[in-house]
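Every number in this text was worked out from the coordinates using simple rules, so none of it is lab data. None of the values given here were measured: they were computed from a predicted structure. For neighbour counting, all protein chains shown are included, and Cβ atoms are generated from backbone atoms with ideal geometry for every residue, glycine included.
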Amino acid sequence: MTTLVTGAAGFLGSHVARQLVARGEDVRVLMRPSSSNRAIRDLSLEYVTGDLRDAASLDRAMAGVKRVFHVAADYRLWAKKPQDIYDSNVGGTKNLLAAAQRAGIEQLIYTSTVATIAVGRPELPNEFTDAKLEEMVGHYKRSKWMAEQEALQAAKSGLPVMVAMPTTPVGPWDWKPTPTGKIVLDFLNGKMPGYVDTGLNFVGVEDCAAGHLLVAERGKIGERYLLGAENLTLKELLDALAKITGLAAPAMKFPHGLALGVAYLETGFARLLGREPQIPVEGVKIAQHRMFVDVSRAQRELGFKPEPVAAALERAVRWYRENGYVSPRRARKMKLAA
């Protein structure tokens with residue numbers, strides 16, 4: 001059986017493809033002409049050139065395929081043209097679902113995100129939390145909420161779709177990096193003078209990829225499964241990185257209002273200079289509440305058993321250092337265990 005993976009050039013998608021190949025499966029990947037295969041170039045894969053916005057390329061990619069992992073997403077907290085995010089995440093998902101219907105796909109695992117349910121509630125949100133579009137902060141979260149609705153509606157209409165919901169993956173091969181990887185890198189390079197009171201659920205990227213395979217094996221059509229491990233405040237994350245590296249964690253706690261004001265100023269300067277802002281306004285707005293969630297369902301129903309997040313953070317730190325992402329001065333200060 002040939003399995004198609006979209007987003008295999010990216011952080012999570014590359015790990016999904018790697019684990020499928022390790023199981024001896026025939027894997028086909030959809031790659032845009034502009035994408036780099038640096039994270040998967042050592043794997044035995046079949047490549048199809050195409051784009052989620054090009055329906056004809058999706059038909060080519062699905063020929064002879066029985067299962068699809070749709071991991072691709074435009075994960076940015078700032079874009080010069082926000083419509084690009086919707087075109088990829090919403091329009092691209094609709095195109096892929098339609099192509100899967102035409103191809104008679106037997107199973108489609110759609111990668112959503114914790115962001116579609118991690119909203120303010122008296123209790124910890126979970127897969128059954130009914131979050132609304134108006135609760136989504138920013139274009140990325142709104143686009144993923146809309147795309148998830150398309151996937152769930154397709155399942156109701158008879159397409160065998162299951163939804164994997166990663167929390168915040170961390171680990172090696174986050175080469176772009178993702179917005180989360182940038183937090184780790186800013187810490188490693190001494191570019192984080194302080195922190196705000198926020199929190200996320202984190203998970204090792206390898207575990208998250210393995211969770212996708214468990215969703216395929218044991219999940220139910222039309223159901224959502226959160227793939228996460230630990231709820232950590234940003235301060236706890238930075239303290240964990242300090243323990244791993246021997247580098248000092250920032251001690252200054254910034255009020256959200258101050259952080260937001262700085263983000264608006266920095267974004268304004270970035271726009272004038274024609275570059276991406278270092279502190280996206282959208283990211284600061286998202287950080288105004290802790291995105292903690294209850295991840296017990298996947299552990300209970302799928303047998304998902306993630307490792308402690310500290311181990312994944314250490315692998316991420318080692319990978320960044322070994323691949324030149326950390327300045328030589330800061331790398332010399334690091335005291336990683338052998």
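Things to note:
- Rounded D (µm²/s) - region 1-103, Kirkwood Rh over Cα pairs, Stokes-Einstein at 10 °C, 1.306 mPa s: 115 µm²/s
- Summed residue charge, Cβ within 15 Å of Asp87's Cβ, Lys/Arg positive, Asp/Glu negative: +3
- DSSP-assigned coil residues among trypsin sites (Lys or Arg not before Pro) in region 167-241, each with at most 15 further Cβ atoms within 10 Å: Lys191, Lys220
- Calculated [222 nm] ellipticity per residue, helices only, for the chain: -12500 deg cm²/dmol; basis is -39500 (n - 2.57) per DSSP H run with n ≥ 4, divided by all residues, nearest 500.
- Cα→Cβ-extended label distance, 7 Å offset, between Ser34 and Leu265, nm: 3.3 nm
- Farthest positive-ward along the chain dipole, Cα basis, beta-carbon charges - from Ala63, Gln299, Trp175: Trp175
- Charge tally for Thr49 (other residues, Cβ to Cβ under 11 Å; Lys, Arg +1; Asp, Glu -1): 0.
- Paramagnetic reach from Glu106 (point 7 Å along Cα→Cβ, amide N under 16 Å) across region 211-231: 216-219, 221
- Links that overshoot a 28 Å alpha carbon limit, given the list Lys132/Lys305; Lys66/Lys220; Lys176/Lys335; Lys94/Lys132; Lys156/Lys176: Lys132/Lys305; Lys156/Lys176
- Extended-chain gain in nm, criterion 0.36 nm per residue less alpha-carbon gap, Glu134 and Glu217: 26.5 nm
- Matching label, log10 I(q)/I(0) by the Debye sum over Cα atoms at q = 0.09, 0.10, 0.11, 0.13 Å⁻¹ computed from the structure shown, candidates (1) -0.54, -0.68, -0.83, -1.17; (2) -0.46, -0.58, -0.71, -1.01; (3) -0.63, -0.78, -0.96, -1.31: (2)
- Note that region 99-207, at 10 °C in a medium of 1.306 mPa s, gets a Stokes-Einstein diffusion coefficient of 98 µm²/s from its Kirkwood radius over C-alpha pairs.
- Nearest-0.05 FRET efficiency for Gln278 and Ala79, computed from C-beta distance (R0 22 Å): 0.90
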